[in-house]
Every structure is written in structure tokens, then in C-alpha cells.
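Worksheet: the structure to be examined is printed underneath.
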Amino acid sequence: MSKFYITTPLYYVNADPHIGHAYTNIIGDCMARFKRLNGDDVFFLTGTDEHGEKIKESAQKSGQDIKSFIEEKVANFKSLWEKLNISYDHFIRTTYNTHIEVVKQAVVKLCDKGDIYKAKYLGFYCVSCESFWTEPQIKEAQGCPACARAVEEVSEENYFFRLSKYQDWLKNYLKDNPDFIKPKIRYNEVVGFLDNNALVDLCISRPKKRVSWGIDLPLDDDYVVYVWFDALLNYISAIGFSFDEDRFKTLWPADIHFIGKDILRQHAVFWPIILEALGIQLPGKIFAHGWWKAQDVKISKSRGNIVNPLELIEEVGADSLRYFLLREIPAGSDGNFSREALINRINNDLANDLGNLVYRTLNMAEKYCQGKVYPLSRQLPTEFKEPFLNLEEKYSEFMERQEFSLCLDGIFKFINVMNKYVENTKPWILWKDKKNNEIKYFLYSLLEGIRIAALYLFPFLPSTVNSIRKQLGIEAYPISLGDRMWGKEESFCTKKELPLFPRIDIEEPNFS
Ligand code: ME8
């Protein structure tokens with residue numbers, strides 16, 4: 001059993017979570033469940049980023065004091081994760097004392113090493129992205145290069161971290177570790193950036209007279225720590241860095257940081273350099289997924305085009321939403337969210353293909369065998385061979401590469417071959433001709449196929465799979481990828497329930 005440490009970004013608590021936040025945590029959860037299914041010892045971290053100007057401004061606008069504003073938002077994130085079945089192991093908040101201490105220690109250590117200095121900062125700041133930008137960057141993008149909003153001109157004394165000192169080291173590290181950033185397009189983006197630009201040292205402080213909501217900078221009472229320098233350190237503070245060394249040694253390095261492509265620079269440039277400067281091993285992989293858009297515009301609170309995951313869960317259920325987000329686009333690409341596409345996926349794949357297969361198989365098991373299926377032979381039907389063996393070979397590979405959509409494609413090919421098997425076998429004729437052994441073999445093959453397809457589907461549709469396992473009468477033993485071989489289950493005692501996915505009317509209110 002090997003450990004596997006997964007992280008998501010820490011979301012800003014300036015607003016309630018939207019579909020984009022849900023997406024990253026669903027991806028993280030899918031990976032966590034796959035790894036657990038595989039027998040690995042998973043530690044899955046998520047949490048909230050609670051300092052900085054943007055949060056203070058939002059609290060002020062809401063008329064609440066900052067602490068109760070944040071508590072309310074944190075509760076909303078946690079409640080969404082519960083509704084979406086996000087199986088995180090720990091929820092880190094950047095306002096935890098343990099985290100604050102780790103941030104302060106990191107600043108002191110880097111300062112002692114000579115990697116921090118004080119200088120005048122002349123440049124631009126985007127409050128929405130909490131990011132510093134140079135004049136040429138602002139001129140070229142005509143606003144914030146990340147979000148296109150107006151930026152503030154800043155002229156202030158600040159503390160800087162010597163990012164530039166590590167540029168060659170990072171370039172070499174990336175050349176030696178081509179799988180460090182995924183997908184490839186994002187790796188190329190970072191390598192290209194480092195080849196064509198000189199890194200500017202990172203400003204790691206904000207004067208208290210401008211930004212008071214943050215961690216006190218241990219070097220100077222007039223400053224707080226810049227929110228990104230604070231937040232990135234969560235990945236080590238959450239697992240005990242400097243205060244629970246045994247735990248830290250067991251879990252670090254993180255095996256995969258899931259992020260959106262909007263925060264690639266912070267994770268693929270700042271973070272590795274901070275770790276290197278602190279003498280800490282680098283994480284295994286940074287996976288930057290694409291954006292959900294609405295009519296080609298990135299979904300975000302400030303653009304006013306958010307899609308509320310709670311309303312969708314209410315209407316279609318958590319598993320259907322998880323399925324759609326993981327199936328509709330490859331994780332590295334952008335995609336447009338539309339209610340029509342969501343409903344079509346649910347009706348076609350989940351209600352028609354999967355739901356029908358399970359329902360009619362259990363129906364037949366009850367009608368022809370009173371739910372008790374004991375076959376004479378447990379041979380894999382010839383028709384199943386191709387999709388079944390393909391999954392056996394490729395499933396783990398797809399999952400390890402975060403190719404969730406391809407993986408689902410393979411599982412649904414198998415499901416559809418089973419649906420065809422029902423149509424081609426014509427069991428009602430076997431029944432009429434009293435071919436009991438053939439009927440048992442036919443039903444066993446379907447139930448065994450459903451059992452194995454459900455195993456593969458577990459990371460994507462956890463509640464649905466639990467229901468399928470109950471209906472197959474196999475819920476008592478723990479689910480494990482080790483049980484995916486054909487013929488493992490000797491017989492089935494089924495307990496049919498209602499169809500898994502009722503069809504949804506396309507004419508409901510539009511959420512996009
Ligand atoms: O950046 N499509 O927090 P944040 C897909 N606090 N994913 C999206 C998305 C969209 N339209 N919109 C947001 C921060 N996301 C920092 C992170 S980590 C140490 C600090 C997801 O609340 C995606 O994962 O702005 C993106 O990277 C993240 O939310 C940004 O969340």
C-alpha cells in the first residue's frame with residue numbers, strides 16, 4: 001500500500017462556491033476514490049484561502065464583520081462538498097494558528113538565507129487575482145493579464161523573495177522532469193515563459209496601512225504577508241510541517257496538486273521555487289485543468305455568469321452533475337456549460353444506457369429466476385471480450401493520467417455492449433423455450449458485467465454504485481479494484497429497486 005497525497009486549491013471565501021470550484025473538487029475526489037479503490041493510503045486535502053484585500057472588501061460590502069462573513073462562506077463550501085460526496089480527509093483554513101506559524105517560520109528561514117530583501121515596489125496590483133504585474137505586462141494585456149480587469153498602480157516599500165535567483169534551477173528542473181506539469185500544453189507554457197522572460201522577484205508583503213487582513217510579517221510590524229505566499233504554504237502546513245515532523249515525512253511530497261489553469265504561474269513557478277529555497281522536496285505533479293465557460297466566457301463570480309452547483313444538485317442529483325463534468329470535456333480542455341448538454345448526457349448515458357441496463361437485468365433476474373442466479377458456466381461471453389479486456393488493460397492507465405473522460409468512454413462502451421447482448425440474445429424466447437441454463441448464463445453474464453462496470457464507475461458515481469451493489473446483493477464486502485476479474489462472483493441474489501436515473505425534462509429553468 002503506498003501513500004497518495006492529493007490537494008485542491010484553497011478557494012477564496014469572498015463569495016459562495018460555483019461550478020468551477022465544484023469541478024476541481026470533483027476531479028480531486030474522483031482521483032482519491034480511484035486510489036483508495038486501488039488500495040492506496042490516500043490523504044485528500046481541500047480548504048479555504050481566507051486572507052487578503054479581496055476578502056476584506058467583500059466582507060465590508062456585505063456589511064458583516066470579517067470573521068462572521070468568513071465563517072458563513074466556509075460553511076457554504078463545506079456544505080457543498082458534503083452534497084457532492086467529496087471525500088476529503090482534511091479541510092485547511094489559512095486562518096488556523098498552525099498554518100500562520102508555518103508561514104511566519106518560512107519567511108524567517110528565507111530571510112536568514114538571504115533570499116528576502118526590502119525595496120521599493122513600483123508596479124500594478126489586481127485585487128481580484130491578488131496578483132502583482134509589471135508595466136509591460138499591463139500594457140500588453142490592456143489590464144490584468146489574468147482576468148482583464150482594471151488594476152491599481154502601486155508604489156510602496158515592500159519585502160521581496162529572490163525568485164530570479166532560482167530561474168535557471170527551475171528551467172533545469174523542468175527539463176529533467178517533463179511530467180511535473182500536466183497536461184503537456186501547460187508544461188510547454190511554463191517552459192516557454194521561463195525561456196523568454198526574466199523572472200521578477202516576488203513581492204511577499206503588503207503594508208498594513210493598505211491591507212490589514214493577513215498574517216503579520218515576522219520581519220516588520222508594519223506589514224502582512226502577501227496572500228499567495230501565505231496560501232501556497234498550506235500544502236505543507238496542513239500535514240504538520242515543522243510541528244508534526246513524523247506526519248509530514250509520511251505524507252510529503254504531495255503526489256498531485258489539482259488546480260485550474262488560471263493559477264498555473266503561482267503553482268508551477270512560485271511554489272517549486274519557494275520549496276527549493278526552503279530545502280523541501282518538490283511535489284510529484286501539478287495538474288492544471290481547463291475552465292468551464294458560459295457562452296465562451298469563463299464562469300466566475302465577477303463576470304456575473306456563475307452556475308450554481310446547489311441548484312443543479314437539487315434538480316439532477318450529485319452523481320449526475322459529477323458525471324457530466326467529468327465526461328463532457330477532457331480534464332485539460334475548456335468547455336461550455338449548458339443545461340441542454342447536461343440533460344442530454346443524463347438522459348442518454350445515465351438513464352438510457354446505464355439505468356436501463358441495470359433495471360431490465362434485475363427485472364429479468366426476478367422474473368426468470370426469482371432474483372437467484374446460479375450459472376453452470378462463468379465464461380466471459382465472446383461479445384464482451386473487446387470492451388472488457390480493453391478496460392482491464394487501460395482503466396488504471398487512464399485514471400493515472402487524469403483522462404477521466406476517456407475512461408468513462410471505455411466503461412460506457414462496455415455497458416452498451418451489454419445492452420446489445422440483451423437485444424441479440426432475446427431472453428424472452430429462451431424463457432418461452434424453457435432454456436433455463438441458457439437464461440442463467442445470460443443473466444449471470446449481465447450481473448457480473450454490471451458488477452465490474454460498477455467497480456470502475458465508483459470514483460465517478462459513488463452513490464449510484466453503492467445502490468447498484470445493494471441491488472446485486474454484494475454491498476457487504478468492501479469495494480476493491482482487486483475484484484475486477486471476470487467470474488469472481490459465483491452467484492447473485494438480487495434486490496431490485498427503482499430505476500437509478502429518471503429521465504429529465506429538457507424544458508426546465510435555464511441555469512446557464
Ligand atoms: O485562486 N472553471 O482561489 P479561487 C474551472 N485562493 N475551474 C474554476 C473556474 C472555472 N470557470 N473558476 C474557478 C484562488 N475554478 C486561490 C488559490 S491555492 C494555494 C490558492 C477553480 O477561489 C479552479 O480550480 O479564485 C481555479 O484554479 C480555482 O477555482 C480558483 O479559485
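With each pseudo-label sitting 7 Å past Cα toward Cβ, what's the Ala141-Leu498 distance in nm, one decimal? Taking the simple label geometry, Ala141 and Leu498 are separated by 4.9 nm. For region 1-135, relative contact order (Cα pairs under 8 Å, six or more residues apart, normalised by length) works out to 28 percent. Summarising the label geometry, the points placed 7 Å from Cα in the beta-carbon direction at Leu380 and Thr98 lie 4.6 nm from one another. With θ taken as phi - 60° and the Karplus curve 6.51 cos²θ - 1.76 cosθ + 1.60 applied, the whole-hertz 3J(HN,Hα) list for region 137-152 is 5, 5, 5, 5, 8, 6, x, 5, x, 8, 10, 6, 7, 5, 10, 9 Hz, x standing for glycine and proline.
If you take the square roots of the eigenvalues of the alpha-carbon gyration tensor of the chain and sort them as a ≥ b ≥ c, do you get rounded (a/c under 1.5), prolate (a/b over b/c) or oblate? Intermediate results must be reported in sequence, preceding the final value.
On the way: a/c = 2.49, a/b = 2.12, b/c = 1.17.
Taking the square roots of the gyration eigenvalues as a ≥ b ≥ c, the chain is prolate.
Counting Cα-Cα pairs of region 393-488 in 10 Å increments starting at 0 gives whole-percent bin shares of 14, 42, 31, 11, 2. Counting only DSSP beta bridges with both residues in the chain, tell me the antiparallel percent, nearest 5. DSSP beta bridges in the chain are roughly 50 percent antiparallel. Please determine, in degrees from 0 to 90 and to the nearest 10, the orientation of helix 167-176 with respect to the longest principal axis defined by the Cα atoms of the chain, where the helix direction is its Cα long axis. It is inclined by approximately 20 degrees. The fewest-to-most ranking of Ile185, Ile27 by surrounding Cβ atoms within 10 Å reads Ile185, Ile27. Legend: distances between Cα atoms for Lys56/Lys209; Lys118/Lys171; Lys113/Lys285; pairs beyond 20 Å are Lys118/Lys171; Lys113/Lys285.
Tell me whether region 329-373 comes out rounded, prolate or oblate; compute the Cα gyration tensor, take square roots of the eigenvalues as a ≥ b ≥ c, and use a/c under 1.5 as the rounded threshold. Because a/c hits 1.5 or more and a/b exceeds b/c, region 329-373 counts as prolate.
Annotation: the residues Lys104, Lys184, sorted from fewest to most other C-beta atoms within 10 Å of their own C-beta, follow the order Lys184, Lys104.
When only alpha carbons are used to place a centre, region 94-133 and region 374-401 end up 52 Å from one another. For the chain, the longest principal axis of the alpha carbon atoms and the long axis of helix 462-471 meet at an angle near 20°.
In the chain, the calculated helix contribution to ellipticity at 222 nm averages -14000 deg cm²/dmol per residue, counting -39,500 (n - 2.57) for every DSSP H run with n ≥ 4. For region 282-292, the Karplus equation 6.51 cos²θ - 1.76 cosθ + 1.60, evaluated at θ = phi - 60°, returns couplings of 7, x, x, 8, 10, 10, 9, 7, x, 9, 7 Hz by residue, with Gly and Pro reported as x. Could you pull out the pairs from Lys109/Lys175; Lys372/Lys470; Lys434/Lys470; Lys67/Lys298; Lys120/Lys208; Lys432/Lys488 whose alpha carbons sit more than 19 Å apart here? Table pairs above 19 Å Cα-Cα are Lys109/Lys175; Lys434/Lys470; Lys67/Lys298; Lys432/Lys488. A straight line joining the Cα centroids of region 483-503 and region 249-269 runs 38 Å.
Taking the longest Cα principal axis of the chain as reference, the axis of helix 436-457 is set at about 0 degrees. Here region 286-332 yields Rg over Rh of 0.99, to two decimals, using C-alpha coordinates and the Kirkwood radius. Ala141 sits among other residues whose Cβ lies under 13 Å from its own Cβ, and their net charge, with Lys and Arg +1 and Asp and Glu -1, is 0.
Shape of region 159-302 from the C-alpha gyration tensor: rounded (a/c under 1.5, with a ≥ b ≥ c the square roots of its eigenvalues).
Placing a label point 7 Å from the Cα of Arg210 along the Cα-to-Cβ direction, the residues of region 134-163 whose backbone N falls under 13 Å of that point are 134, 151-160.
In percent, how large is the relative contact order of the chain, given Cα pairs closer than 8 Å and 6 or more residues apart?
Numbers: 797 pairs, mean separation 84.4, N = 512.
That works out to 16 percent.
Segment Lys118..Trp431, full-extension length gain: 104.2 nm, with 0.36 nm per residue of separation and the alpha-carbon distance subtracted. In this structure, the residue pairs whose Cα-Cα separation is over 29 Å, taken from Lys301/Lys413; Lys78/Lys139; Lys78/Lys261, are Lys301/Lys413; Lys78/Lys139.
The Cα center of region 11-85 and the Cα center of region 409-450 differ in position by 44 Å.
Using 0.36 nm per residue, how much length does the chain from Phe193 to Asn466 gain when fully extended, once their Cα-Cα distance is taken away? Let's see the in-between values first.
On the way: separation 273, 0.36 × 273 = 98.28 nm, distance 4.60 nm.
Answer, rounded to one decimal: 93.7 nm.
The order of Thr425, Thr8, Thr250, going from fewest to most other C-beta atoms within 10 Å of their C-beta, is Thr250, Thr425, Thr8. Stretching the chain fully between Asn76 and Glu276 yields a gain of 68.5 nm (0.36 nm per residue, less the alpha carbon separation).
Values quoted throughout were computed directly from the atomic coordinates according to the rules given, and no laboratory measurement underlies them. Since the structure is predicted, the reported quantities are computational estimates derived from the model, not experimental observations. In this analysis, Cβ positions are derived from the backbone assuming ideal geometry, glycine residues included, and neighbour counts consider all displayed protein chains.
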